[in-house]
Each structure stands twice: as structure tokens, then as C-alpha cells.
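Here's the structure we're looking at; comments come further down.
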Amino acid sequence: MTEPQENYSAEAEASSMDPHDWGRAMALAVTRLAEQLAPEDSEDIHATLVGRDLHLKIRDDSTGVTITVSTAPVPDSDS
């Protein structure tokens, strides 16, 4: 029997609506997620993401987009 996994998420903002400009924000969100998943003394935090399914959600905001990366589907927050 497997134990339920905790769900983690991280986000970052891109100041542009153009997808060509989102790379840095995506990298920051992925790094923040890896920091949450990695053991405290880990030297290669990104190894915790290898082989793991991640979910991506992109939401419009006033100046660009907010990018959320998570280990579980990101619920709709359209209010």
C-alpha cells in the first residue's frame, strides 16, 4: 500500500503576455517547486523533479501572467 503524496506548488510572474518571454518565470517557478521537494541538505535540488509529472497553469494578470507549477492539478481560480 502506498502512502498519499503531499501536493506542492510554486508560482512566478512574467511581466509580458508574450509566451516567448515566459522562460525566466517558468524556470523560477520550477526552481521554487524543487526547493520545496528536495531534502534540506540536497546539493542537486532539481533531481527531485526528474520523472515526476508536473502540472502547469498560466493565468492572466494585470501586467502579464502568473505561472503556477505543481505536483497536482491546479484548481481553477477564475472568480
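Could you list, in sequence order, all residues of region 1-11 that are open to solvent by less than 70 Å² (accessible area, probe 1.4 Å) and under 8 Å from the mean Cα position of the chain (by Cα)?
Those that are open to solvent by less than 70 Å² (accessible area, probe 1.4 Å) and under 8 Å from the mean Cα position of the chain (by Cα): S9, A10.
Six or more apart or on different chains, Cβ under 7 Å: which pairs go from a residue in region 51-76 that's over 12 Å from A29 (Cα atoms) and assigned to a strand (DSSP E or B) to one that's modelled with pLDDT of 90 or more and charged (D, E, K, R)? Could you list them?
V65/R59
Can you confirm whether region 21-44 contains a residue that is of a type in the set (A, V, I, L, M), modelled with pLDDT under 95 and open to solvent by 60 Å² or more (accessible area, probe 1.4 Å)?
no
The values are calculated or read from the model by the stated rules, or taken from the named source; none is laboratory data. Here the structure is a predicted model, which is why all the values come from computation and not from measurement. As a convention, Cβ positions derive from the backbone with ideal geometry for all residues, glycine included, and neighbour counts pool all protein chains shown. Note: areas computed on protein heavy atoms with side chains; ligands, DNA, RNA excluded. Shrake-Rupley method; radii C 1.70, N 1.55, O 1.52, S 1.80 Å.
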